[in-house]
Amino acid sequence: MAAGRTGSKELHLNAFLMSTGHHEASWRLPESDPAAHIDVRHYVELARTAERGLMDSVFFADSPALFSDVGRRPAGTLEPTVLLAAMAMATERVGLIATASTTYNEPYNLARRFASLDHLSGGRAGWNIVTTATLDAARNFNLTELPAHRDRYLRAEEFVEVSRKLWDSWDDDAVLGDKASGQWADQSRVHPIGHDGDHFHVAGALNLPRSPQGRPVLVQAGSSEDGRDFAARHAEAIFTAQQTLEDAQAFYADVRTRARRHGRDPDSLLVLPGIVPVIGSTEAEALALEQQLDELIRPEHARNQLARTLRVDPDDLPLDRELPADLPDEDTIEGAKSRYTLIVDLARRERLTVRQLIGRLGGGRGHRTFSGTPEQVADALEEWAGAGAADGFNVMPAVLPSGLEVFVDQVVPILQQRGLFRREYAGTTLRDHYGLERPDTHHDHHAHPRTIRHQETA
Ligand SMILES: Cc1cc2nc3c(=O)[nH]c(=O)nc-3n(C[C@H](O)[C@H](O)[C@H](O)COP(=O)(O)O)c2cc1C
């Protein structure tokens, strides 16, 4: 039974959580706690707010490095799967998506971590698969250079293959728990994987019975040539940064075409562009908040970050001039290729000065930013979804917690009134919310809908 989407035309909304908000200066607002990013209570409240808004999931980005200078914004993050385990205990339905690197992890450990999160959350785990595009991270793992872009994706390919095999290494009905006979599990339904590949040699089986969803939901966020192909082969949800409707439509059509080319039903993957909503009761109020935030950006710090992304010297980026004409070609970028191109295209298309560009990036790091009333935000979401550019959105509040609360209390009801968003959760797992099938193990001889443990908690 192939994995497919059984959902309706409703939008899928993910809450992308990041310390005091996605705007880099949000921590400087009077309401913000500069240490919120390591306070579990802050995140538990955010998860409860997302669940109150019936959102599909909450999501954490991650990189195993202190990648931005600590002078600029709250730096460092709690490890996402640990944090999500705590949030799982404080919520019932909202999905829990963590980022983890295929370049700086081993499949057995990572498969176990996500299967554990899926078990303890009753089937709400998702994994955002990244190859980690920064030299800072490479230097934390015995390397002096960033592994080549292509090589990172080749390792990721095998990493996902091994992880799938491990998640499928127990049949759904392997655990018997037969006290009378004293047989806890049927050994013949627990399968060593015996994987021997270019990067990994893994005997298996996983040291955990199969989890409620079978496998966590696979998410991916790369948009380069390799990134799109990888997503088309493996992703069930794709997070992407798109600035214009045309670019988002082109990306949407492209990944679905690629999925078809890889023998997948294009409806078995969801595309969720990011949006940074700045919401006010009037448009003027929203724009005033946007301006207040931008004025709190420290340009010299932001310029250093931009220089790192563009692989140029900060002195080559005078604040009130446009970007230099002779920037490196994307082919030479071994880091985040698509983000590089998106940033350069944005600056060229709108003829932005460096100061204006860092203002736009300060708000969303290249994701679309939108300031307006709740009605206008709902219109913006409806327009892209209605134009074949999105199945839903990665909602990235500029300020947390207030930005998520306003979205849940004022935008969600409008989307519900328009029949564009659920009025109740139809199921209990992230796969239920995304309308994704539960994958079979493909080696059990009789189907069994759910594991024993999940039935007990449902
Ligand atoms: C919504 C979103 C979230 C992302 N989260 C992370 C992250 O948590 N960690 C990370 O290393 N990269 C993250 N990325 C970057 C991607 O994994 C990838 O490196 C980037 O999109 C460039 O991919 P490409 O080189 O295939 O174009 C994210 C990208 C997007 C669009």
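The values are calculated or read from the model by the stated rules, or taken from the named source; none is laboratory data. Just so it is clear, the model here is predicted, and its values are computed rather than measured. Here Cβ is always computed from backbone atoms with ideal geometry, including for glycine, and neighbour counts include all displayed protein chains. Quick note on the areas: whole protein, heavy atoms, side chains included, nothing else; ligands and nucleic acids left out. Shrake-Rupley method; radii C 1.70, N 1.55, O 1.52, S 1.80 Å.
Any residue in the stretch 369-390 that is within 16 Å of the ligand (Cβ to nearest atom), modelled with pLDDT under 95, within 21 Å of the chain's Cα centre (by Cα) and buried (at least 21 other Cβ atoms within 10 Å of the Cβ)?
Within the stretch 369-390, one or more residues are within 16 Å of the ligand (Cβ to nearest atom), modelled with pLDDT under 95, within 21 Å of the chain's Cα centre (by Cα) and buried (at least 21 other Cβ atoms within 10 Å of the Cβ).
Do you know which residues across the stretch 252-263 are without any contact (Cβ under 8 Å) to a residue 60 or more places away in the chain and more than 17 Å from the chain's Cα centre (by Cα)?
First pass over the stretch 252-263, keeping only residues without any contact (Cβ under 8 Å) to a residue 60 or more places away in the chain: 254-263.
Those that are without any contact (Cβ under 8 Å) to a residue 60 or more places away in the chain and more than 17 Å from the chain's Cα centre (by Cα): ASP254, ARG256, THR257, ARG258, ALA259, ARG260, ARG261, HIS262, GLY263.
I need a count of the residues in the stretch 118-156 that are open to solvent by 30 Å² or more (accessible area, probe 1.4 Å), away from the ligand (no atom under 13 Å from the Cβ) and among the acidic types (Asp, Glu).
1
Among the numbered criteria (1) in contact (Cβ under 8 Å) with a residue 40 or more places away in the chain; (2) buried (at least 21 other Cβ atoms within 10 Å of the Cβ); (3) within 28 Å of LEU306 (Cβ to Cβ), which one does VAL411 miss?
Checking VAL411 against (1) in contact (Cβ under 8 Å) with a residue 40 or more places away in the chain; (2) buried (at least 21 other Cβ atoms within 10 Å of the Cβ); (3) within 28 Å of LEU306 (Cβ to Cβ), the one that fails is (3).
Looking at (1) free of Cβ contacts under 8 Å to residues at least 24 places away in the same chain; (2) closer than 25 Å to ARG365 by Cβ, which one does ILE297 not meet, given that it meets all the others?
(1)
Where residues in the stretch 400-446 are of a type in the set (Val, Ile, Thr) and not in a helix (DSSP H, G or I), which of them is farthest from ALA235 (Cα to Cα)?
At the first step, the residues of the stretch 400-446 found to be of a type in the set (Val, Ile, Thr) are 406, 408, 411-412, 414, 428-429, 441.
Among the residues that remain, those that are also not in a helix (DSSP H, G or I) are: 428-429, 441.
Working: THR428: 21, THR429: 17, THR441: 18 Å.
Among those that are of a type in the set (Val, Ile, Thr) and not in a helix (DSSP H, G or I), it is THR428.
Regarding the stretch 278-290, can at least one residue be identified that is closer than 17 Å to ARG72 by Cα and either open to solvent by less than 10 Å² (accessible area, probe 1.4 Å) or without any contact (Cβ under 8 Å) to a residue 24 or more places away in the chain (or both)? Show your work before the answer.
If we filter the stretch 278-290 for residues that are closer than 17 Å to ARG72 by Cα, which is where we start, we get none.
Looking through the stretch 278-290, none of the residues is closer than 17 Å to ARG72 by Cα and either open to solvent by less than 10 Å² (accessible area, probe 1.4 Å) or without any contact (Cβ under 8 Å) to a residue 24 or more places away in the chain (or both).
Can you name the helices (runs of 4 or more DSSP H) wholly within the stretch 209-324 that have at least 1 residues being within 14 Å of the ligand (Cβ to nearest atom) and either in contact with a Phe, Trp or Tyr (Cβ under 7 Å, 6 or more places away or on another chain) or under 19 Å from GLY335 (Cβ atoms) (or both)? I'd like the intermediate steps shown before the answer.
Numbers: elements: 225-234, 245-261, 283-295, 299-310.
It comes to 225-234, 245-261, 299-310.
Can you go through HIS234, HIS199 and tell me which one is farther than 24 Å from LEU430 by Cβ and either at pLDDT 95 or above or open to solvent by less than 40 Å² (accessible area, probe 1.4 Å) (or both)?
Values: HIS234 fails: farther than 24 Å from LEU430 by Cβ.
Of the residues listed, the single one that is farther than 24 Å from LEU430 by Cβ and either at pLDDT 95 or above or open to solvent by less than 40 Å² (accessible area, probe 1.4 Å) (or both) is HIS199.
Kindly check whether there is at least one residue in the stretch 87-95 that is of a type in the set (Ser, Thr, Tyr) and out of contact with any Asp or Glu (no Cβ under 8 Å at 6 or more places or on another chain). Give the steps one after another, and end with the answer.
Here is the first cut: in the stretch 87-95, the ones of a type in the set (Ser, Thr, Tyr) are 91.
Then keep just the ones that are out of contact with any Asp or Glu (no Cβ under 8 Å at 6 or more places or on another chain); that gives none.
The answer is no; no qualifying residue exists.
Determine whether ARG360 is within 16 Å of the ligand (Cβ to nearest atom), touching a residue at least 40 places away in the same chain (Cβ under 8 Å) and either in a helix (DSSP H, G or I) or in contact with a Gly (Cβ under 9 Å, 6 or more places away or on another chain) (or both). Reasoning before the result, please.
On the way: within 16 Å of the ligand (Cβ to nearest atom): yes; touching a residue at least 40 places away in the same chain (Cβ under 8 Å): no; either in a helix (DSSP H, G or I) or in contact with a Gly (Cβ under 9 Å, 6 or more places away or on another chain) (or both): yes.
Answer is no for this residue.
Quick check on my filter: what residues within the stretch 25-72 are in contact with a His (Cβ under 8 Å, 6 or more places away or on another chain) and either part of a loop (DSSP other than H, G, I, E, B) or within 16 Å of the ligand (Cβ to nearest atom) (or both)?
ASP33, ASP56, SER57, ASP69, GLY71, ARG72
Given SER163, SER211, which one is crowded, with 21+ Cβ neighbours inside 10 Å and closer than 22 Å to PHE239 by Cα? Step through it out loud before you land on a result.
On the way: SER211 fails: closer than 22 Å to PHE239 by Cα.
Going through SER163, SER211 in turn, the sole match is SER163.
Just to be sure before I move on: is ALA347 of a type in the set (Gly, Ala, Ser), on the phi < 0 side of the Ramachandran plot, free of Cβ contacts under 8 Å to residues at least 24 places away in the same chain and in a helix (DSSP H, G or I) in the structure I sent? First the steps, then the outcome.
Working: of a type in the set (Gly, Ala, Ser): yes; on the phi < 0 side of the Ramachandran plot: yes; free of Cβ contacts under 8 Å to residues at least 24 places away in the same chain: no; in a helix (DSSP H, G or I): yes.
No; evaluated as a whole, the condition is false for this residue.
Against the condition at pLDDT 95 or above, buried (at least 19 other Cβ atoms within 10 Å of the Cβ) and of a type in the set (S, T, N, Q), how does SER169 come out, does it pass?
Details: at pLDDT 95 or above: yes; buried (at least 19 other Cβ atoms within 10 Å of the Cβ): yes; of a type in the set (S, T, N, Q): yes.
Spelling it out, SER169 is indeed at pLDDT 95 or above, buried (at least 19 other Cβ atoms within 10 Å of the Cβ) and of a type in the set (S, T, N, Q).
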